[in-house]
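Everything below concerns the one structure shown next.
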Amino acid sequence: MQDLQFLSNTALEFLTLSSEANVYQYIGEKLRETVSESIVTVNSYDPTSGFLVLRAMAGPGKHNETLVHLIGRDPIGMSFKVNDEEAISHLLIGKLFKGPSGIHELTFGEIPPRIAHEVEKLLGIDEIYGIGFSSGGRLYGSAMISSKPTSSLLKKRDTIEAFVHQASMALQRKEAEDALRESEERHRSIFENSLDGIVLFHSDDLILAANPQACRMHGYTEAEFLRLRRNDIADTSDPRLRESIEERVRTGRFKGEVTHVRKDGSKFPCEVSTVAFRHKYEQDSRVAIFRDVTERKQGEAERERMAARVAESERRYHSLFESMSEGFVLFRVLRDETGRPRDFLYLEMNPAWERLAQISRNDAAGKLASEVLPEAVPWNIVLARNALGSRQPFRMERYSRWVGKWLEYRAYSPGEDLMAVLLTDISERKRAEEALRDARDELEIRVQRRTAELELKNKELQDFAFIASHDLKEPLRKIQAFGDLVMMRSRDSLARESIDYLVRMQDAAARMGHLLESLLAYSRVTTKGGTFSQVDVAEAARIALSNLEIRLRETGGHVELDDLPTLEGDLTQLVQLFQNLFSNSLKFRREAEVPLVRVHSRSFEDPWHGAGAVEIYVEDNGIGFDEKYLDKVFIPFQRLHGRNEYDGVGMGLAICKKIAERHGGTIDAKSTPGKGSIFVVRLPMTQASDPGGMRVQMEGSS
């Protein structure tokens with residue numbers, strides 16, 4: 001009677017167990033109630049993998065921690081591969097049977113014999129009985145009951161087997177409930193997270209349910225959306241809507257495209273798939289899946305536009321290909337056994353190529369070059385060797401005896417074993433180049449003749465200036481000498497006006513003497529120049545300063561010399577150049593200001609000579625000048641100030657320019673009124689002459 005009450009209670013409890021309850025633990029505890037001095041383990045079984053998994057354990061009590069320590073882990077969750085078909089057969093029967101002899105065998109060797117023996121000893125296990133949870137030929141799990149021989153286990157066989165039958169039904173139901181719950185969760189997840197809108201409609205077009213995407217797609221909240229009907233979200237003016245309804249009524253389903261309307265009134269193309277089904281309470285319903293295809297439509301429109309542009313591009317290309325003035329031919333390159341080009345198959349050519357090559361397209365297309373134009377094969381091989389495998393087109397010019405013209409070939413490879421050649425008639429250019437060469441040669445001869453004439457005239461002019469200035473000095477000295485005698489002997493007897501005339505005559509003769517000396521010095525730069533040698537520029541500047549020692553003391557001037565290079569030049573003339581520049585700075589000084597001069601240099605590469613050069617800067621703090629007069633300051637006898645303000649004849653800077661030019665260099669100036677001047681002398685480091693013996697002047701010189 002007690003056993004019947006136990007089974008009645010467990011049957012009711014199995015029915016009322018919540019989904020969260022551990023049914024395996026419940027089974028273990030109830031089995032142990034029938035055999036109190038036993039230890040019960042309850043396992044689940046996966047028929048796919050063939051593993052038993054320990055789900056619950058009843059009976060270890062105070063030995064649980066020691067058990068965990070012995071095994072090395074919590075036994076709950078341990079899995080055992082069942083590789084014994086006989087054991088499976090016993091479990092499927094659902095009857096109590098004598099199990100393995102020990103824990104090692106019970107766990108199918110998972111627990112080693114030594115540890116298994118320790119566990120048996122700890123828990124006092126002598127005998128093991130097993131029974132399976134099965135229904136309809138399906139094994140859901142097993143229970144293993146370990147007890148002592150004196151236990152009442154076998155006396156409770158019928159009760160245990162009846163309870164296990166209840167447990168099998170409960171496990172079968174639990175598995176079905178779990179599967180249903182997983183299916184519902186899976187479908188709910190799909191419903192909630194789908195990128196497509198999913199809507200459940202009643203037969204009267206009332207919306208029963210909708211997923212978040214459907215609400216977002218149409219711009220509504222879920223509460224707003226569930227108060228709508230189909231026509232609230234469908235564009236009723238779209239004729240495809242009526243077609244979709246007719247097809248759905250006729251077949252129970254529809255798949256196509258219609259227009260939907262958002263909450264704000266905007267419309268969008270929507271791909272719809274609907275299918276009818278019977279809802280609970282036998283109500284006719286349908287589920288619709290919506291997909292906003294706006295981006296796809298835009299993509300299709302863009303692809304159509306691209307296709308149209310490609311077609312237009314191809315049309316233009318074909319038009320250009322047919323009308324271009326350059327010849328075009330495309331070859332397939334044929335190779336020999338060593339991989340070298342040996343022949344060429346004509347694939348495509350344009351009308352311009354037909355005209356230039358004087359071969360018809362029909363006669364060449366699909367044929368070998370060795371058949372159509374054998375003499376062109378060696379040249380094609382040259383083109384192929386240079387163009388194939390190169391990223392840059394290969395260019396070649398040659399005279400074609402076949403067509404009697406000069407042709408330019410530009411070959412490149414548009415693909416593997418393909419060679420394209422552009423052909424241009426350059427006969428006119430070649431004739432123009434030939435004519436240009438002839439004209440250049442003739443011009444060069446004329447320039448050489450003219451240069452020789454100018455050199456001769458220049459030499460004559462320099463000789464004349466030298467002779468004239470030299471010869472004029474003698475009569476000028478006599479004028480000055482006789483004037484001095486008259487002044488000395490007859491001064492007391494002469495009227496005041498006569499004395500004034502005599503003084504003016506002597507001043508004019510002195511100025512004329514200075515002019516002749518300057519003119520003579522100017523002509524000597526070229527006619528009396530010394531040989532070039534290595535010159536320490538700093539030494540040349542120091543000699544110039546020594547020559548101006550008295551003038552420096554009188555003015556209180558100071559000249560600072562930085563590091564200066566050594567170059568090839570004429571020492572005497574470089575001293576003259578620095579002396580003239582320093583004299584200029586000392587002469588054109590500002591009142592109440594000590595003259596300061598700084599000399600420094602900068603080396604650079606001279607592209608005109610292909611060698612090194614130097615810029616020498618002479619900076620002062622003098623009165624400066626307006627740069628609009630820059631062209632005048634280096635011209636002989638040109639002055640920016642009157643004789644009453646500053647002495648001199650205006651030849652100093654002209655001589656500097658002449659010296660710089662003789663050295664193949666230039667001189668320039670930068671100045672601001674009241675802020676001083678900077679004179680820049682550019683000289684090559686080494687001297688070179690042109691084939692005619694003339695000094696080559698640096699680029700930028702006048």
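Every read-out reported here was derived from the displayed coordinates using simple, explicitly stated rules and does not represent laboratory data. The structure presented is a predicted model; accordingly, all values stated were derived computationally and were not measured. We place every Cβ from the backbone using ideal geometry, glycine too, and count neighbours over all the protein chains shown.
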Does anyone have the angle between helix 537-547 and the longest principal axis of the chain? Alpha-carbon axes, 0 to 90°, nearest 10? 40 degrees
For P(r) over Cα pairs in 10 Å bins from 0, in percent, which listed value, [x] 3, 14, 24, 27, 21, 9, 2, 0, 0; [y] 2, 9, 9, 7, 6, 7, 9, 8, 7, 8, 8, 7, 6, 3, 2, 1, 1, 0, 0; [z] 2, 10, 13, 14, 13, 12, 11, 8, 6, 4, 4, 2, 1, 0, comes from the coordinates shown? [y]
Helical mean residue ellipticity (222 nm; -39500 (n - 2.57) per DSSP H run of 4+; nearest 500) of the chain: -15000 deg cm²/dmol
With both bridge residues required to lie in the chain, what share of the DSSP beta bridges run antiparallel, to the nearest 5%? 95 percent
Using only Cα atoms, find the angle between the long axis of helix 23-34 and the longest principal axis of the chain, and express it within 0 to 90 degrees, rounded to the nearest 10. 30 degrees
Kindly provide the trypsin sites (Lys or Arg not before Pro) of the range 280-377 that DSSP labels as loop, not H, G, I, E or B, and whose Cβ sees at most 16 other Cβ atoms within 10 Å. LYS367
Around ALA209, which amide H atoms from residues at least 5 apart in sequence, or from another chain, sit under 5 Å from its own amide H, with H modelled in the peptide plane? LEU200
For the range 229-353, just say rounded, prolate or oblate: build the C-alpha gyration tensor, square-root its eigenvalues into a ≥ b ≥ c, call rounded for a/c under 1.5, and beyond that prolate if a/b exceeds b/c, oblate if not. prolate
Taking r as the C-beta separation of LYS405 and ARG296 and R0 as 51 Å, the FRET efficiency to the nearest 0.05 is 0.35
Using θ = phi - 60° and the Karplus curve 6.51 cos²θ - 1.76 cosθ + 1.60, what whole-Hz ³J(HN,Hα) does each residue of the range 306-316 get, with Gly and Pro shown as x? 4, 4, 5, 5, 4, 4, 5, 4, 5, 5, 5
Could you list the GluC sites (Glu not before Pro) in the range 319-348 that lie in coil according to DSSP, counting only those with at most 12 other Cβ atoms within 10 Å of their Cβ? GLU337
Quick one: helix 377-387 against the long Cα principal axis of the chain, what's the angle to the nearest 10°, folded into 0 to 90? 80 degrees
In terms of Cα to Cα distance under 20 Å, which aspartates and glutamates are near enough to LYS430, apart from those fewer than 8 places away along the same chain? GLU326, GLU397, GLU408, ASP438, ASP441, GLU442
Going down the table (LYS81/LYS156; LYS95/LYS174; LYS478/LYS658), which pairs top 25 Å between alpha carbons? LYS81/LYS156; LYS478/LYS658
What does the charge count near ALA538 come to, summing +1 for each Lys or Arg and -1 for each Asp or Glu among other residues with Cβ under 14 Å from its Cβ? -3
Could you compute the net charge surrounding GLU397? Neighbours are other residues with a C-beta less than 12 Å from the C-beta of GLU397; K and R count +1, D and E count -1. +3
